[in-house]
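The values are calculated or read from the model by the stated rules, or taken from the named source; none is laboratory data. Note that the structure is a prediction, hence the values are computed from the model and not measured. We place every Cβ from the backbone using ideal geometry, glycine too, and count neighbours over all the protein chains shown. Note: areas computed on protein heavy atoms with side chains; ligands, DNA, RNA excluded. Shrake-Rupley method; radii C 1.70, N 1.55, O 1.52, S 1.80 Å.
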Amino acid sequence: MKNILLLVHDDIGQESRLQAALDLARAVDGHLTCLDVLYIPPAVGGAGMYDNSYMIGTLVEREAERETENKRKLGARLAAEDVPWNWIDASGDIPSYLKEAAELADVIVVNRQIGGFWFPDAPNDAADLIVRSGKPILAVPAECQRLDLDSGFVAWDGSPCAASALRAAVPLLQQTGEVTIFEVQDGSVTTPAEDAASYLSRHNVHAQIRRIGAMDGGAGGTLLAEANSGLFGYAVMGGYGHWRVVEAMFGGVTRSMLSKSAIPVFLAH
């Protein structure tokens, strides 16, 4: 987890994801790449094409000025940090540049909800970003002030997605004081948590196992209660372990955590 990609934009969640990215980079001795994409919308033809083009040009110009100032301020801050970093300026559609920048990234740091970006083609939330990029995501609440590595928990159901998240999070778990593996007893577990604990132990991560009964809100509500208990600094879980259309209709564990978790969530698909 040496290459950390941070989506940069002057929005309400920038400070939280910046702090989390810096804390992560320090913990794993990593390198931070800041990706700032200036969206340029296409001109729409028609009778009012001139007025429309002028309006779009004005909006883009103002956005460019704001991001230039944002880069100046963040550059000065990053220069004073003890983290190596570089900056990528791009203009166009965010999915294309994100996919290109993510090719050599080990993890992408974003907010839980990416609505702060005004790009119409931006991912709606961190879960969509997992599917688009194919990379692990650290989804940070907008009110988060740091990445707390005193304690963390792994949501385990034995699924391939949970195993992927566990493997990808090893460098982070190795820097965490106390690690707990939660197994929600709702009948969905295919591989016992002991197997996950054994895997981690071979990476010098000695986790404790807790089996908890499902609350009325199912596995999602149960894990959310643990995430918001104040006992953990972050959570690790598989993103969209079930069919995404079904989860979009009925909620799902991923959606619950991304909507309401008070702590950062490390997700992999």
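Using a 1.4 Å probe and counting only protein heavy atoms, arrange Y234, Y39 so the residue with the most accessible area comes first.
Working: Y234 0, Y39 25 Å².
From most accessible down to least: Y39, Y234.
Here the spin labels are modelled as points 7 Å beyond Cα on the Cα-Cβ line, and at T190 and D89 they lie 4.8 nm apart. You can think of it this way: the chain between K2 and N228 has 78.5 nm of extra reach, that is 0.36 nm per residue less the Cα-Cα gap.
Listed by chain and number, the lysines placed with their C-alpha closer than 28 angstrom to that of K2 are K71, K73, K99, K135; residues fewer than eight positions away on the same chain are left out. Were the residues from D150 through R167 laid out at 0.36 nm apart, the gain over their Cα-Cα distance would be 4.2 nm.
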